[in-house]
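Asker: Got a structure for you, written out below as structure tokens; questions coming shortly.
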């Protein structure tokens, strides 16, 4: 009898332990489910961002599989006077990339301008940093050239991807709006001069974003935004694509920068920020570099542009 009693107690104890274990596991599962629901509700924009990143990367690798990487890029013809005489658009842009590189390297004295009319710097850059924007004239054309990101202060601008209202334009990237607001008062008179037969605005990367914002006044202005990140919310972007016939985007399909900020970039729980690229007037290039930085470089862009003739 005692052995039966002991066996009965052991069975009851095992059942008790089983139910306790089952209860703990059930509580753990319910806790994990609750945590997952909370995470999804609070950080849905982050999940969407990861989805956008995954889509971009898979698309990029797929594009790389079907494209060939040519070993060299041609240099622009340094005798070309951009958008004057018999220069084609491709030749003119190739030359402007060369001028842009001179500005980025602090060599603006080598630009064959009739007159350097304005040199603008971002206030948070160091005095020895290259100018953010340079305006000069050659013949009957005024050129406004914005360079790309080079300093830590400009990287901080790039990362300010919340959106703000910019007077006269619409809803735009906060960092780009900050740089535009600072420099536009110096630039305005030259950019809106009705006496100039033609004004060409050109920029790459951050400079491309600023070109998108600058090309907004006057029928004598034409803008070429190279490798520009996304600047506008969908409504503003659609308005610009509908109303601005003088703004062109230059995009290398293998370049990541024109695809960011991705459609959702605000990681907070209360606000979702959307961006849309300008896609109605594009000059599309197909050049896969060794690295993502190569795909974004002015060397690759200029080398492919001059081959469009």
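The values are calculated or read from the model by the stated rules, or taken from the named source; none is laboratory data. These figures come from a predicted structure and were not determined experimentally. Note: ideal-geometry Cβ built from the backbone for every residue, glycine included; neighbour counts use all protein chains shown.
Asker: Just one of the numbered conditions (1) touching a residue at least 24 places away in the same chain (Cβ under 8 Å); (2) closer than 25 Å to residue 283 by Cα is not true of residue 80; which one?
Answerer: With (1) touching a residue at least 24 places away in the same chain (Cβ under 8 Å); (2) closer than 25 Å to residue 283 by Cα applied to residue 80, the lone miss is (1).
Asker: Return a yes/no flag: does the stretch 188-199 have any residue that is surrounded by 24 or more Cβ atoms within 10 Å (Cβ to Cβ), in contact with a helix residue (DSSP H, G or I) (Cβ under 9 Å, 6 or more places away or on another chain) and more than 26 Å from residue 274 (Cβ to Cβ).
Answerer: Yes, because at least one residue in the stretch 188-199 is surrounded by 24 or more Cβ atoms within 10 Å (Cβ to Cβ), in contact with a helix residue (DSSP H, G or I) (Cβ under 9 Å, 6 or more places away or on another chain) and more than 26 Å from residue 274 (Cβ to Cβ).
Asker: Here is a further query. Quick check on residue 119: is it in contact with a strand residue (DSSP E or B) (Cβ under 9 Å, 6 or more places away or on another chain) and either assigned to a helix (DSSP H, G or I) or free of Cβ contacts under 8 Å to residues at least 40 places away in the same chain (or both)?
Answerer: Judged against the criteria, residue 119 is a match.
Asker: Being free of Cβ contacts under 8 Å to residues at least 24 places away in the same chain and assigned by TED's automatic domain parsing to the domain that holds residue 300: is that true of residue 195 here?
Answerer: Judged against the criteria, residue 195 is a match.
Asker: Where residues in the stretch 282-291 are surrounded by 15 or more Cβ atoms within 10 Å (Cβ to Cβ) and within 17 Å of the chain's Cα centre (by Cα), which of them is nearest to residue 250 (Cα to Cα)?
Answerer: The selected residue is 283.
Asker: Is it the case that some residue within the stretch 148-168 is surrounded by 15 or more Cβ atoms within 10 Å (Cβ to Cβ), assigned to a strand (DSSP E or B), under 24 Å from the mean Cα position of the chain (by Cα) and touching a residue at least 24 places away in the same chain (Cβ under 8 Å)?
Answerer: yes
Asker: Next up: Starting from residues that are over 15 Å from residue 138 (Cβ atoms) and not in a helix (DSSP H, G or I), keep the ones in the stretch 87-105 and report whichever is modelled with the highest pLDDT.
Answerer: 105
Asker: Here's a follow-up. Which residue is modelled with the lowest pLDDT, if the candidates are limited to the stretch 288-309 and must be out of contact with any helix residue (DSSP H, G or I) (no Cβ under 6 Å at 6 or more places or on another chain) and assigned to a loop (DSSP other than H, G, I, E, B)?
Answerer: 290
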